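Below you'll find the structure, written out as structure tokens, and then a few comments.
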Amino acid sequence: MADKGKKKRYALVLDSKKCMNCKACVVACKAENGVPVGKFRNWIDEEKRGAYPKLLMTFDPGQCMHCENPSCVRVCPTGASYQRPDGIVLINYSDCIGCRYCMIACPYNARYFREDLGVVDKCTFCVQRVDRGQLPACVETCPSKVRVFGDLDDANGELQALLTTRRYLVKKPETGNGPQLYYLL
Amino acid sequence: MKTIEWGILIVNYLFLGGLSAGIFFVSALATYLQEDGQPAYPRIAKYGAMMAPWPVALGSFLLIFDLGNWYRFYKLFLHFRWESPMSIGSWLLLVFTGITFAAFYAWLPEEARHRLFAWLPKRLAFLKRFDLDLSAWRRPLAMLGFPFSIGVGIYTGVLLGAVQSRPFWNTNLVAQMFLFSALSTGTAALILALSINRKSLDFKQVRFLYTLDICFITLEFFIVLPYLIHGELSVRAVQEALKLILGGPYTVAFWLFFMGMGLLLPLFIELWEMKPVLLAKATVHHNKVLAAGAAFLVLTGGYLLRYIFVYAGQISSFR
Ligand code: SF4
Ligand code: SF4
């Protein structure tokens, strides 16, 4: 991640089947980013189906999808929500007026309102770490290696390897947002 | 996390913004239409000009109050983002509010204006030079205000309709629905003002307002209908969203209170009042109570429409 100048597109690949709902990623994110009590930048969606012995239980990690065409950025009246050239969607907190239009426009309900600061916040892919060449806190923490973070434009990278050899889906593609979290099947 | 972010303040704001747009539009029309070089409907023109600035001023205040950082609201005017309906709307609202206050001033009766300036403290006496007669500006201001009043009326709907993540809103019909509802509530507010006034109802002016309102309500009705049909024939997410008003929590509010009492009942009353004009060359019934009642129903219906859309829309989402 160190070679500057080359075009990048950060994304996250998730192998949800490995997820055991330990929520280490949620805790790591809260600690790394000082997320207030009661608010979350990432979470695990549970689905239960059937009854013993025929039953299914799945865990799907969710968070901001760092969309290709982020509707949150489009509706923001002040330009506080923006997308970096490497695809990471961020909020310029000093420009955010707290109108919460972006929260309503996000199909993934990925944003939360910080009452204490009067601004909106969400997952940043831990830019503070990524820009130092480290991995996002959730990725580094996950004990069962569900999360793979990297650069989609890196032809020899792990992301490309996974996405060319495995089947995957993205969530709610019909919204046209172009989510950049890839869920392996 | 799924939360209701826009609450009652936003409902009020959308309603009040639309109300001002409607009042101004009708008042401007009454100013623009002339007979023998005089406004054809002087009382409507004047009442409208006196009333139009206040709802939108209050609404903008509520909107700013609802922000997480209200003192940063000026940042709305440091940027123009054509992709963001809120950005376009803020600019529209600013210009429109300015025009409504200018029209207000131009319509202020002369003695009232003098009295206003007489209140000024000595140190601000230099402002007295603004004690000008702007009555010649009434018509130009009306014409300038037309596009902006339509713009504000339609923007309140675009604000919701342009959000593709909320299937309940995401159709261009919401913009038209809110526009016609805005025009109709504005007309109703003027009917109410005329009917609670001590002066007797003036046949010509009442007929003008009834005619307009019947048109606006009919247009609104024929937007709501396609909205429902179109939604039912749309993709699953939209069909599911429509369940909120077709059996879901907002069904009674929508059908009984909005459609029934807020749209069709006042339409019926207004048609009934106009029956003598429509069927024979007689005058309108001149019933102040019915007029005020119909106007009140239209206003509540308009408010309810905003309420239902703001709340139901935020609940709706893609699965
Ligand atoms: S998931 Fe939501 S908050 Fe994140 S980029 Fe997409 S629209 Fe914006
Ligand atoms: S809450 Fe802040 S980031 Fe979101 S749309 Fe409003 S100004 Fe933009």
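We did not get these values from a lab; they are worked out from the coordinates using the rules stated. Just so you know, these numbers come straight off a predicted model, no measurement behind them. Note: ideal-geometry Cβ built from the backbone for every residue, glycine included; neighbour counts use all protein chains shown.
Numbers below:
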item	result
Filter result (within 15 Å of ligand 2 (Cβ to nearest atom), in contact with an Asp or Glu (Cβ under 8 Å, 6 or more places away or on another chain) and not charged (D, E, K, R)) within the stretch A:100-151	A:MET103, A:ILE104, A:TYR112, A:PHE113
Candidate set: the stretch B:1-42, residues that are of a type in the set (D, E, K, R) and part of a loop (DSSP other than H, G, I, E, B); chosen: the one farthest from A:TYR112 (Cα to Cα)	B:ASP36
Verdict on A:THR164 being among the polar types (S, T, N, Q) and either surrounded by fewer than 21 Cβ atoms within 10 Å (Cβ to Cβ) or within 12 Å of ligand 2 (Cβ to nearest atom) (or both)	yes
Those helices (runs of 4 or more DSSP H) lying entirely in the stretch B:178-289 with at least 2 residues aromatic (Phe, Trp, Tyr)	B:203-232, B:265-279
Residues within the stretch B:43-100 that are over 24 Å from A:ASP116 (Cβ atoms), within 14 Å of chain A (Cβ to nearest Cβ) and under 20 Å from the mean Cα position of the chain (by Cα), tallied	10
Selected residue [within 14 Å of chain A (Cβ to nearest Cβ) and either free of Cβ contacts under 8 Å to residues at least 60 places away in the same chain or buried (at least 24 other Cβ atoms within 10 Å of the Cβ) (or both)] from B:LEU9, B:LEU16, B:LEU33	B:LEU9
Identity of the residue in the stretch B:109-147, without any contact (Cβ under 8 Å) to a residue 12 or more places away in the chain and outside any helix (DSSP H, G or I), that ends up surrounded by the most Cβ atoms within 10 Å (Cβ to Cβ)	B:LEU120
Pairs, first part of a loop (DSSP other than H, G, I, E, B) in the stretch B:52-70, second basic (Lys, Arg) and within 12 Å of ligand 2 (Cβ to nearest atom), C-beta under 8 Å, six or more apart	B:GLY68/A:ARG100; B:GLY68/A:ARG114
Residue check for B:PHE104: within 10 Å of chain A (Cβ to nearest Cβ), in a helix (DSSP H, G or I) and out of contact with any strand residue (DSSP E or B) (no Cβ under 6 Å at 6 or more places or on another chain)	no
Residues being near ligand 1 (Cβ under 10 Å from one of its atoms) and more than 7 Å from chain B (Cβ to nearest Cβ) - total across the stretch A:93-120	5
Pick from the stretch A:81-98, criterion surrounded by fewer than 20 Cβ atoms within 10 Å (Cβ to Cβ), of a type in the set (Ser, Thr, Tyr) and touching a strand residue (DSSP E or B) at 6+ places or on another chain (Cβ under 7 Å), ranking: farthest from B:ARG81 (Cα to Cα)	A:TYR93
Scan of the stretch A:30-40 for residues that are more than 14 Å from chain B (Cβ to nearest Cβ) and touching a residue at least 12 places away in the same chain (Cβ under 8 Å), ordered by number	A:ALA31, A:GLU32, A:ASN33
Test: residue in the stretch B:227-236 that is within 14 Å of chain A (Cβ to nearest Cβ), closer than 23 Å to B:VAL158 by Cα and small (Gly, Ala, Ser)	yes
Any hit, the stretch A:73-87, residues being away from ligand 1 (no atom under 14 Å from the Cβ) and closer than 21 Å to B:GLY313 by Cβ	yes
Positions within the stretch A:48-92 being facing chain B (nearest Cβ under 7 Å), among the polar types (S, T, N, Q) and free of Cβ contacts under 8 Å to residues at least 24 places away in the same chain, in sequence order	A:THR78
Residue match in the stretch A:42-65 (condition: in contact with a Pro (Cβ under 8 Å, 6 or more places away or on another chain) and either among the basic types (Lys, Arg) or within 11 Å of ligand 2 (Cβ to nearest atom) (or both))	no
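Residue-by-condition table, conditions (1) surrounded by fewer than 19 Cβ atoms within 10 Å (Cβ to Cβ); (2) among the hydrophobic types (A, V, I, L, M, F, W, C):
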{"position": "A:ARG111", "(1), (2)": "no, no"}
{"position": "A:LEU117", "(1), (2)": "yes, yes"}
{"position": "A:GLU140", "(1), (2)": "yes, no"}
{"position": "A:SER144", "(1), (2)": "yes, no"}
